[in-house]
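Engineer: One structure follows; several queries about it will come next.
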Amino acid sequence: MGLRVGIDLVSIDAVEESIRIHSARYLRRVYTSREVRDCRAPDGAPDPRKLAGRFAAKEAALKVLGVDDEAIPWQSIEVHNDRLGSPSIELTGAAERLARQRGVTDLDLSITHEGPLAAAIVVARVRDEC
């Protein structure tokens, strides 16, 4: 087995602005309904900090998959927390098919926030013959 690593850094302010300008359209285009539900602030509004972390994770996953001209919908990469609160990635549809083609067998994810930024790193195990 080999490894691939993808990393991404996202401005929380940029996500906040996208929510402000495009509102529900942005949320539906980029995030699954589960992600939007999981990323609510105590007042029920979308939490740009949490959403920025998920956006960074999706970008890092695309880098691990080696996306070129493939059209991979944002929603085919879902970030959620396991029962212990650790983030994980689930691929469906086009992202899952591409992962299979590229020999990706497992994905591990870490998300962090510092000041105005969110970052994510994805490590993938890849079959050697790919």
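Engineer: What residues qualify as long-range amide H neighbours of ARG40, i.e. H under 5 Å apart, gap of 5 or more or another chain, H built at 1.01 Å from N?
Structural biologist: ASP47
Engineer: At 1.4 Å probe size, put HIS113, HIS22, HIS80 in order of accessible surface, largest to smallest.
Structural biologist: Per-residue accessible area, sorted high to low, gives HIS22, HIS113, HIS80.
Engineer: Continuing with this model, one more query. Relative contact order (percent) for the chain, with alpha-carbon contacts under 8 angstrom and 6 or more residues of separation?
Structural biologist: RCO, the chain: 36 percent.
Engineer: Using just the helices of the chain, give the 222 nm mean residue ellipticity in deg cm²/dmol: DSSP H runs with n ≥ 4 each add -39,500 (n - 2.57), and the total is spread over all residues, rounded to 500.
Structural biologist: -12500 deg cm²/dmol
Engineer: So what does LYS63 come to for accessible area, using a 1.4 Å probe and Å² rounded to 10?
Structural biologist: 100
The values are calculated or read from the model by the stated rules, or taken from the named source; none is laboratory data. Treat the numbers as computed from the prediction; the structure is a model and nothing was measured. Side chains are part of the model used for accessible areas, which takes the heavy atoms of the whole protein and leaves out ligands, DNA and RNA. Shrake-Rupley method; radii C 1.70, N 1.55, O 1.52, S 1.80 Å.
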